[in-house]
Amino acid sequence: MKPRRKFFISTTLLGAHLWGKSLKEEPFVAQFQELETLLCSVQVHLSPMKVPKVRFTLFLYETMTHPSFSPQRKAFILQGAILLASQTNIPFSQLTFQEKEALLRAYETTSLGGHWLSLMLTLTLEALLSDPVYGVNVDTCYWQILSTQGGEPHPKQRYLGDV
């Protein structure tokens, strides 16, 4: 194994170990609230069309707190957000569109950043395409942009049941 690759793997494993320890010390809700503005700003930036009525962080929070969402994936999302925030002295939400794009493109080239952005993009698209019953795609605004009615039959109530 090449020395550079070995270094990146060992630092990633060390970071994951230390991150796992910090997750036990601080409750998820507090960590999520601290990163909520950054996470929402990233999701808005990743959104293929700017839709003002989509509640990205509501979807992200409910998805991450669902029993089927793994603790490792939850930690990965929070860790990725913290690492992204550390890449700039200015809060992500206050950057211009071009600055956000440049920062995310640079972050994408890192192993963790590329995987993190892929997961965030998936969750963003899930939020955009979700049924309005979940309180995220308000007034079917994104469906209207896509000229679709969503899946049939529509849920009559929210399903956040057990796994």
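The values are calculated or read from the model by the stated rules, or taken from the named source; none is laboratory data. Bear in mind that the values here come from a model prediction, so they are computed numbers and not experimental data. Methodologically, a virtual Cβ is constructed for each residue, glycine included, from the backbone with ideal geometry; neighbour enumeration extends over all protein chains shown.
Against the criterion of being among the polar types (S, T, N, Q) and in a loop (DSSP other than H, G, I, E, B), residue 93 does not qualify.
Considering the conditions (1) within 17 Å of residue 77 (Cα to Cα); (2) buried (at least 16 other Cβ atoms within 10 Å of the Cβ); (3) under 16 Å from the mean Cα position of the chain (by Cα); (4) not basic (Lys, Arg), residue 114 is excluded by exactly one of them, (2).
Just one of the listed residues (43, 98, 33) is in contact with a Phe, Trp or Tyr (Cβ under 7 Å, 6 or more places away or on another chain), over 24 Å from residue 156 (Cα atoms), part of a helix (DSSP H, G or I) and of a type in the set (S, T, N, Q), namely 43.
Listed by first and then second residue, the pairs with beta-carbon distance under 9 Å, at least 6 apart or on different chains, first residue in region 114-126 and touching a residue at least 40 places away in the same chain (Cβ under 8 Å) and closer than 14 Å to residue 64 by Cβ, second hydroxyl-bearing (Ser, Thr, Tyr) and assigned to a helix (DSSP H, G or I), are 116/107; 123/63; 126/63. Any residue at all in region 69-77 that's assigned to a helix (DSSP H, G or I), touching a residue at least 40 places away in the same chain (Cβ under 8 Å), surrounded by 19 or more Cβ atoms within 10 Å (Cβ to Cβ) and touching a Phe, Trp or Tyr at 6+ places or on another chain (Cβ under 6 Å)? Scanning region 69-77, I find no residue that is assigned to a helix (DSSP H, G or I), touching a residue at least 40 places away in the same chain (Cβ under 8 Å), surrounded by 19 or more Cβ atoms within 10 Å (Cβ to Cβ) and touching a Phe, Trp or Tyr at 6+ places or on another chain (Cβ under 6 Å), so the answer is no. Out of curiosity, is residue 130 polar (S, T, N, Q), surrounded by 17 or more Cβ atoms within 10 Å (Cβ to Cβ) and in contact with a Phe, Trp or Tyr (Cβ under 8 Å, 6 or more places away or on another chain)? Criteria met by residue 130. Taking every residue in region 34-48 that is at positive phi and surrounded by 15 or more Cβ atoms within 10 Å (Cβ to Cβ) and pairing it with any residue that is acidic (Asp, Glu) and not in a helix (DSSP H, G or I), at least 6 positions away or on another chain, yields no pair with a Cβ-Cβ distance below 8 Å. Apart from one condition, residue 59 fits all of (1) modelled with pLDDT of 90 or more; (2) in a helix (DSSP H, G or I); (3) under 23 Å from residue 27 (Cβ atoms); the exception is (1).
Every residue in region 133-154 that is surrounded by 13 or more Cβ atoms within 10 Å (Cβ to Cβ) and not in a helix (DSSP H, G or I), please. Lay out the reasoning, then the answer.
Filtering region 133-154 for residues surrounded by 13 or more Cβ atoms within 10 Å (Cβ to Cβ) gives 133-138, 140-143, 145-146, 150.
Residues satisfying the conditions are 135, 136, 137, 150.
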